[in-house]
Amino acid sequence: MVKIAVMGFGVVGSGVVDVIKKNAESIRRKAGKSIIVKHILDIREFPESLERHLLTKNVDDIMNDDEVSIVVEVMGGVEPAYAFTKRALLAGKHVVTSNKELVAAHGAELLAIAKEKNINYFFEASVGGGIPIIRPLNQCLAANEIAEINGILNGTTNYILTQMIRKGQSFEDALQDAQEKGYAERNPAADVEGHDACRKIAILSALSFGKHVDSEKIHTEGITKISLEDVEYAEEMGSVIKLIAVSKKLGDKVFARVSPMIIPREHPLAGVEDVFNAILVKGDAIGDVMFYGRGAGKFPTASAVVADVIDIVKNIDRNNRIIWSKNDENLLADIKETMASYFVRVKADDKTAVYNSVNKIFGDCSFITIENSKTQDEVAFVTPEHKEAYLQEAVARIKKLSCVHAICSIIRVEKG
Ligand code: HSE
């Protein structure tokens, strides 16, 4: 029998406890041993919970209990999760987590401690919720040099964009809808500003390229500025708008970015809707492989956490060699040096003057028109590919044009 402790009895923590109880027999068969929860750490009271006899507010009850060999950290946030995780690992306890913020910030150090102690720090649930992606990258695709990863890594924003595309809801209405359904937090900034997806792509980058990638330095844009007009123009282009996290090798640097992108309907990520996530990985041997499923929620996330626990039980005496090194130099390529094509939408009266001017600034642009009373005074176009540095220069020039009254949107375009 293996005894574990769960730190955090919120949505994911209670899901972990439920799954371990509900599937006890099949888990015992797969792990080779029974797994039972001995302690649950939370500062809140749960007087109605069937597990209330396991609850403690004192982390020492877990750290000082030699019977507990695996700790599940599903508290979220960096502190006190970081201090507790470090303490557990230093005490020789394996740790499993869903905490992407902590893995993105301190993964290299925590993995190094786990290696030193010949134990494991597993985090399958930290990216893509229930979708297997960490283990596939680390094991099943280990023969490949990973060239590129593109992903829809945030369920909340994907739900909001889907509502805007399918139902014509505004961003604000779709966000409220997501909050009412429990997908978006009351403070939705981490999701809608792209920070959640950014932490996840930082983890996937570190895993794929072997070095810590500083999530704070990844160029990150959210979806708060996306309007229904943008969605309609994308539709006219035979495309959809998605929040795409990308990471790829560029020489000895890594290019990573989170931003809304207009992608063609034929793109493998275009059909990923609602709260679903998907990760498209390009390896030199396998080519393209895509992982798709529920990226959040109580039971999908618990599924990944409990699978990590089972894996540890099966390999209790060895470190599984998931590792990336600490890295003081900045591994990230300068976004200004990267190329993209851009959808640009401007307010203008003299449209012919705008056509001529933007063709001079960018080279031959493709102009898009939609029948919409709100866009009669607009010019929208897609530019040829340029460096981001040039885009900034070009935007400054457009702002100075007397025929342009305002720039409404600039969204990167994947031509497919
Ligand atoms: N807020 C996250 C999402 C939850 O919407 O995808 C899972 O990390």
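Go through the stretch 367-414 residue by residue and tally those that are assigned to a loop (DSSP other than H, G, I, E, B) and open to solvent by 30 Å² or more (accessible area, probe 1.4 Å).
9
Tell me, please, whether a residue that is touching a Ser or Thr at 6+ places or on another chain (Cβ under 8 Å), surrounded by 17 or more Cβ atoms within 10 Å (Cβ to Cβ) and on the phi > 0 side of the Ramachandran plot can be found in the stretch 106-129. Scanning the stretch 106-129, I find at least one residue that is touching a Ser or Thr at 6+ places or on another chain (Cβ under 8 Å), surrounded by 17 or more Cβ atoms within 10 Å (Cβ to Cβ) and on the phi > 0 side of the Ramachandran plot, so the answer is yes.
One residue stands out in the stretch 165-190 among those that are open to solvent by less than 60 Å² (accessible area, probe 1.4 Å) and within 19 Å of VAL240 (Cα to Cα): the one that is farthest from the ligand (Cβ to nearest atom), namely GLY168. Against the definition (touching a residue at least 24 places away in the same chain (Cβ under 8 Å), away from the ligand (no atom under 16 Å from the Cβ), out of contact with any Phe, Trp or Tyr (no Cβ under 8 Å at 6 or more places or on another chain) and part of a helix (DSSP H, G or I)), how does VAL306 come out, yes or no? Taking the combined requirement at face value, the residue satisfies it. For the stretch 238-273, a residue qualifies if it is among the hydrophobic types (A, V, I, L, M, F, W, C), within 16 Å of the ligand (Cβ to nearest atom) and not in a strand (DSSP E or B), and the qualifying residues are LEU269, VAL272. Those helices (runs of 4 or more DSSP H) of the stretch 1-93 in which at least 2 residues are free of Cβ contacts under 8 Å to residues at least 40 places away in the same chain and among the aliphatic types (A, V, I, L, M), considering only elements entirely within it, cover 81-90. Within the stretch 230-284, track down each residue that is touching a Phe, Trp or Tyr at 6+ places or on another chain (Cβ under 6 Å) and open to solvent by less than 20 Å² (accessible area, probe 1.4 Å). Selection gives VAL254, ILE262, ALA278, ILE279.
The rows are residues; the columns are (1) closer than 30 Å to HIS106 by Cβ; (2) modelled with pLDDT of 95 or more.
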| residue | (1), (2) |
| --- | --- |
| ASP173 | no, yes |
| TYR183 | yes, no |
| ASP191 | yes, yes |
| HIS212 | yes, no |
| ILE218 | yes, yes |
| TYR233 | no, yes |
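Here the stretch 285-313 is the region considered, the condition is being among the charged types (D, E, K, R) and at pLDDT 95 or above, and the residue that is surrounded by the most Cβ atoms within 10 Å (Cβ to Cβ) is ASP308. Pairing each residue of the stretch 345-362 that is more than 10 Å from ALA380 (Cα to Cα) with any residue that is at pLDDT 95 or above and open to solvent by 80 Å² or more (accessible area, probe 1.4 Å), provided the two are 6+ apart or on different chains, yields C-beta distances under 6 Å for ILE361/ARG397.
Only a single criterion out of (1) among the polar types (S, T, N, Q); (2) in contact (Cβ under 8 Å) with a residue 12 or more places away in the chain; (3) out of contact with any Asp or Glu (no Cβ under 6 Å at 6 or more places or on another chain) is not satisfied by SER259, namely (3). There is no residue in the stretch 198-208 that is open to solvent by 10 Å² or more (accessible area, probe 1.4 Å), farther than 21 Å from TRP324 by Cα and more than 16 Å from the ligand (Cβ to nearest atom). Look at (1) touching a residue at least 40 places away in the same chain (Cβ under 8 Å); (2) under 16 Å from TYR342 (Cα atoms); (3) not aliphatic (A, V, I, L, M) and you find that GLY238 fails only one, number (1).
Looking at ALA108, ALA112, ALA81 in this structure, which one is aliphatic (A, V, I, L, M), within 20 Å of ALA202 (Cα to Cα) and touching a Lys or Arg at 6+ places or on another chain (Cβ under 6 Å)? Before you say what the answer is, go through the steps one by one.
Working: ALA112 fails: touching a Lys or Arg at 6+ places or on another chain (Cβ under 6 Å); ALA81 fails: touching a Lys or Arg at 6+ places or on another chain (Cβ under 6 Å).
One residue alone meets the criteria, ALA108.
Using the structure shown, decide if THR162 is more than 29 Å from GLU329 (Cβ to Cβ), crowded, with 23+ Cβ neighbours inside 10 Å and within 15 Å of the ligand (Cβ to nearest atom). No; evaluated as a whole, the condition is false for this residue. Taking PHE276, is it within 16 Å of the ligand (Cβ to nearest atom), within 30 Å of ILE370 (Cβ to Cβ) and aromatic (Phe, Trp, Tyr)? Answer is yes for this residue.
On the stretch given as the stretch 338-364, residues that are polar (S, T, N, Q), at pLDDT 95 or above and open to solvent by less than 30 Å² (accessible area, probe 1.4 Å) total 2.
The values are calculated or read from the model by the stated rules, or taken from the named source; none is laboratory data. All values derive from a computational prediction rather than experimental measurement. A quick note on method: Cβ atoms are made from the backbone with ideal geometry, for glycine too, and the neighbour counts reach across all protein chains shown. Accessible surface areas use protein heavy atoms only, side chains included; no ligands, DNA or RNA. Shrake-Rupley method; radii C 1.70, N 1.55, O 1.52, S 1.80 Å.
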